[in-house]
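Okay, structure first, notes after.
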Amino acid sequence: MKHAVFLIIFLLFPFTVFAENSFYIFLVDENSQPLLGYKVLPTQKEDIFSGKIEPVKKWITITKSDLFLVSGSYLYKVKDSIILDKAKGIVLFLIDFNERKSLYFNPEETKIDRDVGLLIKNKNLIFKKVEEKFPLTDKKKEVDALTLANQYETSGQIEKALTLYEEILKNQPVNTQIIDKVATLYYRIGNFAKAKDYLMKLPQNQENIIKLAGILLIERKFEEALKVLNNPAIRNLPYCHYLKGIIYYLSGQKNEAYSEVIELSKHNKELSQSLRDLLR
C-alpha cells in the first residue's frame, strides 16, 4: 500500500517532477496551449536567463502568443527579451517572478529543444554581458545571499540552498515567495514534516491546501487530510472531491469513494472517470 500512495501522489502532481533543477522557455498561444519549449540556463542574476534566439523569432511570428519560464511546477511570465549577440543567436530572458501561476499542462507532451551547447560554450561572454547591462548595486551585493541560494538550488545543492533561504527568512519572516520555495525544497528531499510546517505559514489558498493534503497522504494521515480538504473555501471544488475519493480508496472506504465519483460526475466528467478507473 505504501508504494500505491507514492504512485497516486505522482499521478496527482505529475508536473512537480519536471525540470526541478532545469529551466525552460515555453511559447504559449492565445488559447493557452503550449507550442514549443526551449531549455535555458540561469545567469548570475536570478531573474535573467540565457537562451537561443529561436523562441523569440517564433513569438514574433505567432500573433497573440506569450513566452513563459517553466520552473518546477510553475509558469512565470517573460517580461522582456534582449538580444545579447545577434550573430551567435543568444538572447536574455527577463522574468517577472511576481506573475506566477501553477503549471497546467504536461511539458513532456510538447516538443522541447534541450540543446544548450551554444549557451555553455559562451557562458563567460554571457555572464560578462549581464554584468555590464545589469550591474549590481552596493545594496544588492550586500543581500546577494538570495542569488547564491538560487544558484545552489539550480545546481542541486539543496541543503546549502535551504540554509541560505532560512537565513533570509530570519530577516524577512513574511516573505511568502521564500517560504513557498523552502516548503517545496523540503518536500523534494523527503522532509515532509518541515515542508508541512512551512506550508502552514502560507496563505491557505487552493494550491497550498492541496499541497498540504498531498503531504498528509504520503504520511498516511488520512483523517487529517480529509479535515484539510473540508476547508469551506475549497471543499466543493471538483479536485477536492477527487482527492477525497482517493483518500477513501486508500483507507478502504470504498462506498465513500464511490460517493465522490457520483458527486464528481456532476461537475467534472474527466476527474470522475479517472477516479472510477482507480476504484475498479
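No lab work stands behind these numbers, since they all come straight from the coordinates. Every value quoted in this text rests on a predicted model; they were computed, and no experiment measured them. Don't worry about glycine lacking a Cβ; one is built from the backbone with ideal geometry, like all the others, and counts go over all protein chains shown.
The modelled label-to-label distance for the pair residue 205/residue 255, using points 7 Å beyond Cα in the direction of Cβ, is 3.9 nm.
For region 103-204, which trypsin sites (Lys or Arg not before Pro) pass both filters: DSSP loop (anything but H, G, I, E, B) and at most 11 other C-beta atoms within 10 Å? Mind dumping the intermediate values first?
Numbers: sites: 111, 114, 121, 123, 128, 129, 133, 139, 140, 141, 160, 170, 181, 188, 194, 196, 201; in loops: 111, 114, 201.
Here the trypsin sites (Lys or Arg not before Pro) that fit, given the DSSP loop and packing criteria, are 111, 114.
Label sites at residue 111 and residue 267, each approximated as a point 7 angstrom past Cα along Cα to Cβ, lie 3.8 nm apart. Only helical runs count toward this figure. For the chain, summing -39,500 (n - 2.57) over DSSP H runs of n ≥ 4 and dividing by all residues gives -15000 deg cm²/dmol at 222 nm. Remark: the residue 158-residue 128 segment gains 8.1 nm on full extension, using 0.36 nm per residue and subtracting the alpha carbon distance. Overall, the ratio between the Cα radius of gyration of region 2-135 and 2.2 N^0.38 Å, rounded to two decimals, is 1.11. Panel note: the C-alpha atoms of region 27-74, placed on their principal axes, show extents of 32, 24, 14 Å (largest first).
Find the Cα radius of gyration of region 64-160, compare it with 2.2 N^0.38 Å by division, and give the number to two decimals. Write down the numbers at each step before the final one.
On the way: Rg = 15.4 Å, N = 97, 2.2 N^0.38 = 12.5 Å.
The value comes to 1.23.
Its Cα gyration tensor gives the chain an equivalent ellipsoid. The semi-axes, each the square root of 5 times an eigenvalue, are 38, 24, 15 Å from largest down.
Compute the length gained on full extension between residue 35 and residue 197: take 0.36 nm times their separation in residues and subtract their Cα-Cα distance, giving the result in nm to one decimal.
Result: 54.5 nm gained on full extension.
Considering only 41, 236, 249, the residue lying farthest towards the positive end of the dipole of the chain is 41, judged by Cα position with unit charges set on Cβ. Between the DSSP loop rule and a limit of at most 15 other Cβ atoms within 10 Å, which chymotrypsin sites (Phe, Trp or Tyr not before Pro) in region 36-138 are left? In loop regions of region 36-138 (DSSP not H, G, I, E or B), the sparsely surrounded chymotrypsin sites (Phe, Trp or Tyr not before Pro) are 104, 105.
Cut-off 19 Å, label point 7 angstrom out along Cα-to-Cβ of residue 174: give me the residues of region 186-213 whose amide nitrogen falls inside. Taking a point 7 Å out along Cα→Cβ of residue 174, the residues of region 186-213 whose backbone N falls under 19 Å are 198-205. Comparing 147, 61, 43 in a Gaussian network model of the chain (Cα springs below 10 Å), the most mobile by mean-square fluctuation is 61.
Using DSSP loop states and a limit of at most 15 other Cβ atoms within 10 Å to flag GluC sites (Glu not before Pro), what is the longest stretch of the chain containing no flagged site?
Working: sites that count: 30, 219.
That would be 31-218.
Only the Cβ atoms of Lys and Arg (+1) and of Asp and Glu (-1) were treated as charged; on that basis the dipole of the chain about its Cα centre amounts to roughly 220 debye. Two numbers describe the Cα atoms of region 145-279: Rg and Dmax, which are 17.5, 52 Å.
Between the helical axis of 158-171 and the longest alpha-carbon principal axis of the chain there is an angle of about 90 degrees. When only alpha carbons are used to place a centre, region 53-120 and region 212-267 end up 36 Å from one another.
For the chain, the antiparallel share of DSSP beta bridges with both residues in that region comes to about 95%.
Can you give the direction-averaged projected area of the convex hull of the alpha-carbon atoms in region 56-113, in nm²?
Numbers: hull surface 19.2 nm².
Taking the Cα atoms of region 56-113, their convex hull projects to 4.8 nm² on average.
Going by alpha carbons, how many degrees (0 to 90, nearest 10) lie between the helix axis of 206-218 and the longest principal axis of the chain? Relative to the chain, helix 206-218 is tipped by roughly 60 degrees.
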